[in-house]
Amino acid sequence: MKTNDNLAAHWRSHIDAWQRSGLSQAAYCREHQLVKCRFTYWKNKLQQSHSSRTVRSGPGFVPVEIIDAEPSAFTVRLPNGVALEGVCEQNLALVQQLVSVWL
């Protein structure tokens, strides 16, 4: 039987893979023969655990991934899975506010 740390690591790796996959949760679970309600439980549990450990000590760098960059706008995907689309020079102040709320 897996320990709680092993279970958390197991589900964390699946959740990370799901976020990179672009699949819906249901499709990812079917493809990997996972019980969807367990997947959802661990996704929520790990997100709550991560949120409660996050310390906001002030402004700093946030890891972001640029997806399909266009000259005029791009999409920013945050570590928690939130995607901000249509980011451009004109709305950077708004993007900064949104990032501070979601991280």
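Laboratory data are not the source of any read-out in this text; all were calculated from the coordinates shown. Worth saying up front: this structure is predicted, and the values here are computed from it rather than measured. As a convention, Cβ positions derive from the backbone with ideal geometry for all residues, glycine included, and neighbour counts pool all protein chains shown.
What the table below lists for this structure:
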quantity	calculated
Rounded to whole Hz, the Karplus (6.51, -1.76, 1.60) HN-Hα couplings of region 25-36, x for glycine and proline	4, 4, 5, 4, 5, 4, 4, 10, 6, 10, 7, 4
Additional length obtainable on full extension of the chain from K45 to A8, 0.36 nm per residue less Cα span	12.4 nm
Magnitude of the charge dipole, region 4-53, Cβ model with Lys/Arg +1 and Asp/Glu -1, debye to 20	120 debye
